[in-house]
Amino acid sequence: MSVTRTAEVFVDPHFTIGEVDPLLFGSFVEHLGRCVYTGLFEPGHPAADATGLRTDVLALIRELGVTMVRYPGGNFVSAYRWEDGVGPADLRPRRLDPAWRTVETNRFGLGEFMAFTRAAGVEPMMAVNLGSRGIAEAGDLLEYCNHPSGTTLSDLRGAHGSPEPYGIRWWCLGNELDGPWQVGHKTADEYGRLAAETARLMRLIDPSVRLTACGSSGSGMPTFGEWESTVLTHAYDEVDYLSLHAYYDPDATDQASYLASAVDMERFITDVIALCDAARARRRSARRLSLSFDEWNIWYMSRQRPGQGEWPRAPRLLEDVYTVADAVVLGSLLITLLRHCDRVTAACLAQLVNVIAPITTEPGGPAWRQTTFHPFAQAARHGRGQVLRLHVTSPTSETAKYGDVPLLHATAVHGEDGTLTVFAVNRDPAASLPLTVHLGGFAASGPVTHSVLADADPTAVNTMAEPDRVTPRDRPAPPVENGRLALTLPPLSWNVIRLPLA
Ligand code: AHR
């Protein structure tokens, strides 16, 4: 640990990274465990609307500020037949879902998902199955969704109650096909060719679609790097985004490295930017690809238990309960995404309800916010506008995985609403961190607010019995003096500091 105990942030309105794309605050709904069934969809629940959507969950999703939802998987999509989930619900087949070893009733499908996106006020991001299926089925799904009428598939959508096209703009070309666990796992050459040909067909059907090719399932994959380069050799000119996925497993034996997980995310993003730009240079293209971080979160993988018996329906799978420390790490991951908003223009917190999620529900009972709900909701609300390029000085702390890591992790957003918001994490679990923000050309026009998520017990969680045990709290903030703002960040804390600008 270095000797100075004060961190400093220098901001200036002229030094910007870029404008935040609202799609950075996306999430993910997979047919997995209780994300859909008894999560967002539970006919007969006291809060369910006429279509079976839980209005208590919808209200929380709106409060969370989610802008886009990826669907229907995830690993699930790689053996999914989209046709099973359309048409009269009582005629839909029950199928094995080999990805999660459950039975899928198909009671919830495409039409229900689109009704959900309208009720929640979010954009859909649809994944096509490039595992067990291929180009033709992807084209069929797009025609069913987006073609106005006059063909068998588009008229079928009309007959299913949706004469207006869904107009789905964002599409994922499969899911994690580099992973040996994936149904239809492929080599990079096989996937790159398939992604490129599928993209060509999809653009012929609807030129307005925005397409994401699968990058690696994680930076730790043995094929990471080679996978991206090979896939882009085939598909660079056909796609708009390359995907990244990352999950961070809280390691009780190495908390310092866990608290610095954002260092890994940062490296992953800069490495994938380099891979994309190398592919761009090789083809002398003027076009830069965007990155879609379409699965990211904290996931207690080491605690994962096997499913409940063989082939159950909507079992409790991956229902992690998040602590204060997890919320702080999640805030730090959000800071990383914001700091790369010039290239990461879409991202999905995986997932939305019950399954490694910010929202938990009880069947027939209440829905509540996990600790991680709060940093996401605050970033989604206040992280809109121009992200500033900061100069930061901070004491550091040693970690086993990443070497010396700054205790302060921060970003700042010059908001569309005429405010400056500093998002800051103090990674030090043992001590407060004094912070001075030098405001450069910014002048405050009113009182500063400082919201903190921290707790004397960093393992504290929210539960059904105590749903608001952990929430952000306002602290008194001193006024700006001589263009400087001096505050203290509590130990292991997520901080949102806001000032209205003159
Ligand atoms: O989000 C859970 C799973 O993690 C997804 O199904 C898969 O894409 C990833 O490995």
Name the pairs: first residue in region 166-182 and in the same structural domain as Ala246 (by TED's automatic domain parsing), second residue away from the ligand (no atom under 11 Å from the Cβ) and acidic (Asp, Glu), Cβ to Cβ under 7 Å, at least 6 apart or on different chains?
Trp170/Glu123
Within region 281-306, take every residue that is within 14 Å of the ligand (Cβ to nearest atom) and at pLDDT below 95 and give me the one that is farthest from the chain's Cα centre (by Cα).
Gln304
Show me the strands (runs of 3 or more DSSP E) entirely contained within region 346-413 in which 3 or more residues are away from the ligand (no atom under 16 Å from the Cβ).
367-369, 385-388, 391-393, 396-399, 403-406
Report whether or not Leu420 is crowded, with 22+ Cβ neighbours inside 10 Å, over 23 Å from the mean Cα position of the chain (by Cα), assigned to a strand (DSSP E or B) and in contact (Cβ under 8 Å) with a residue 12 or more places away in the chain.
yes
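To keep it simple, each residue is scored yes or no on (1) surrounded by 15 or more Cβ atoms within 10 Å (Cβ to Cβ); (2) of a type outside the set (Asp, Glu).
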site	(1), (2)
Ala444	yes, yes
Met464	no, yes
Asp468	no, no
Gly483	no, yes
Filter result (part of a loop (DSSP other than H, G, I, E, B) and buried (at least 24 other Cβ atoms within 10 Å of the Cβ)) within region 183-219
Cys214, Gly215, Ser216, Ser217
Quick one: would you say Ser229 is more than 20 Å from Glu83 (Cα to Cα), outside any loop (DSSP other than H, G, I, E, B) and modelled with pLDDT of 95 or more?
yes
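Scanning for something within 16 Å of the ligand (Cβ to nearest atom) and out of contact with any Cys (no Cβ under 9 Å at 6 or more places or on another chain), does region 23-31 turn up at least one residue?
Checked region 23-31: at least one residue is within 16 Å of the ligand (Cβ to nearest atom) and out of contact with any Cys (no Cβ under 9 Å at 6 or more places or on another chain).
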Take region 299-322 and flag every residue that is under 19 Å from Ala262 (Cα atoms) and surrounded by fewer than 23 Cβ atoms within 10 Å (Cβ to Cβ).
Trp299, Tyr300, Met301
Which numbered condition Tyr166 fails, given (1) under 19 Å from Glu123 (Cβ atoms); (2) within 16 Å of the ligand (Cβ to nearest atom):
(2)
Among the candidates Gln370, Gln378, residue that is open to solvent by 10 Å² or more (accessible area, probe 1.4 Å) and assigned by TED's automatic domain parsing to the domain that holds Met125
Gln378
In the set Arg193, Arg157, Arg203, Arg169, which member is among the basic types (Lys, Arg) and closer than 21 Å to Phe28 by Cβ?
Arg169
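Looking at this structure, is Phe268 under 25 Å from Val20 (Cα atoms), open to solvent by less than 30 Å² (accessible area, probe 1.4 Å) and touching a His at 6+ places or on another chain (Cβ under 8 Å)?
no
Can you tell which of Tyr247, Tyr258 is open to solvent by 10 Å² or more (accessible area, probe 1.4 Å), assigned by TED's automatic domain parsing to the domain that holds Leu275, in contact (Cβ under 8 Å) with a residue 60 or more places away in the chain and within 14 Å of the ligand (Cβ to nearest atom)?
Tyr247
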Region 426-467, residues that are free of Cβ contacts under 8 Å to residues at least 60 places away in the same chain and closer than 29 Å to Glu63 by Cα:
Ala444, Ser445, Gly446, Pro447, Val448, Thr449, His450, Val452, Ala456, Ala465, Glu466
Given Gly39, Gly65, Gly74, Gly33, which one is in contact with a helix residue (DSSP H, G or I) (Cβ under 8 Å, 6 or more places away or on another chain), on the phi > 0 side of the Ramachandran plot and surrounded by 18 or more Cβ atoms within 10 Å (Cβ to Cβ)?
Gly65
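The values are calculated or read from the model by the stated rules, or taken from the named source; none is laboratory data. Here the structure is a predicted model, which is why all the values come from computation and not from measurement. Glycine also receives a Cβ, built like all others from the backbone with ideal geometry; neighbour counts cover every protein chain displayed. Surface accessibility is based on the protein's heavy atoms, side chains included, excluding ligands, DNA and RNA. Shrake-Rupley method; radii C 1.70, N 1.55, O 1.52, S 1.80 Å.
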